[in-house]
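What follows is a short report on a single structure.
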Amino acid sequence: MRRKDSQRPTDRADKGTTPRGLDVRSLALIGSALKSHYEDLVQTPVPKKFLELLDQLDANERTSRVGSAGDEPE
Amino acid sequence: MSQSSFKDDLVAEIPSLRAFATSLCGSVTLADDLVQDALLKAWTHASKFQPGTSLRAWLFTILRNSYYSQYRRRFREVQDSDGVYARDVAVAGNQESHLDLADFRKAMGHLPPEQREVLMLVGASGLTYEETAAICGVEVGTIKSRLSRARAKLSDLLGLDEKPSS
């Protein structure tokens with residue numbers, strides 16, 4: 001058995017689904033579900049730890065900037 | 001000086017970063033690790049951000065790189081333990097005009113991350129094809145074909161092709 005190494009990547013979706021063959025209704029359904037999914041995620045309250053982290057980084061930066069004033073040439 | 005406004009800009013992007021991270025790895029808890037990591041990196045490399053370009057796209061690039069370089073294997077092991085995709089979500093509306101969101105999430109979970117991320121970036125986060133291509137490090141054409149394959153697969157999984165005979 002000889003195997004050819006020149007196999008091509010199949011760009012088609014498998015099982016006979018044509019990538020562009022979706023009807024308008026399906027596209028609309030997927031689009032709106034995607035938006036709902038995203039909205040739901042985006043509206044989840046942001047945990048405090050992220051804001052605290054950035055406040056901390058900001059504060060560190062200010063401290064080190066004051067502390068090392070004049071250290072950096074130009 | 002401008003550091004504070006950079007901070008505010010970062011804060012404003014946290015919700016979309018979390019949404020993207022959650023969709024990428026399929027777990028809220030781990031997504032937050034990823035977001036935290038991306039925020040730290042963004043802060044450290046703030047000088048590399050070019051003002052006038054999309055901060056969101058820049059942050060997504062950072063987050064995505066961490067995901068593929070460090071986190072992916074780890075995520076696979078624990079994927080869906082606290083699953084977004086398994087979470088029960090009450091969805092209003094009938095099935096004729098809306099997809100059940102829980103079903104949709106499950107279907108999303110079956111897509112390869114390369115397809116999921118394109119759906120999120122182009123279809124939900126409102127990034128352009130060009131921005132998405134830059135984030136993913138591929139050509140615009142690749143983004144477009146991943147997008148159609150992702151939609152076809154979703155349609156398949158959700159049985160959208162089978163038209164109701166009414």
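A:LYS48 meets each of the listed conditions (1) among the charged types (D, E, K, R); (2) surrounded by 10 or more Cβ atoms within 10 Å (Cβ to Cβ); (3) at pLDDT 50 or above apart from (2). Restricting attention to segment B:13-25, does a residue exist that is among the charged types (D, E, K, R), out of contact with any strand residue (DSSP E or B) (no Cβ under 6 Å at 6 or more places or on another chain) and over 12 Å from A:VAL46 (Cβ atoms)? No, that holds for no residue. Scanning segment B:69-99 for residues that are modelled with pLDDT of 80 or more and loosely packed, with under 15 Cβ neighbours inside 10 Å turns up just one, B:SER69.
How many residues are of a type in the set (Lys, Arg) and either more than 10 Å from every other protein chain (Cβ to nearest Cβ) or more than 21 Å from B:ARG72 (Cβ to Cβ) (or both) when one looks only at segment B:111-166?
Of segment B:111-166, the ones of a type in the set (Lys, Arg) are B:116, B:144, B:146, B:149, B:151, B:153, B:163.
Filter once more, keeping what is either more than 10 Å from every other protein chain (Cβ to nearest Cβ) or more than 21 Å from B:ARG72 (Cβ to Cβ) (or both): B:116, B:144, B:151, B:163.
Result for segment B:111-166: 4.
Being of a type in the set (Lys, Arg) and either within 14 Å of chain A (Cβ to nearest Cβ) or closer than 16 Å to A:PRO45 by Cα (or both) is a description that does not apply to B:LYS48. For segment B:1-34, enumerate the residues that are more than 7 Å from every other protein chain (Cβ to nearest Cβ), at pLDDT 90 or above and surrounded by 23 or more Cβ atoms within 10 Å (Cβ to Cβ). Correct list: B:LEU17, B:PHE20, B:ALA21, B:ALA31, B:LEU34. Which count do you get for residues in segment A:16-30 that are under 16 Å from B:ARG146 (Cβ atoms) and at pLDDT 85 or above? Number of matching residues: 2.
The values are calculated or read from the model by the stated rules, or taken from the named source; none is laboratory data. Only a predicted model underlies this, so the values are computations on that prediction, with no experimental measurement involved. Ideal geometry is used to build each Cβ from the backbone, glycine not excepted, and the neighbour counts take in all protein chains shown.
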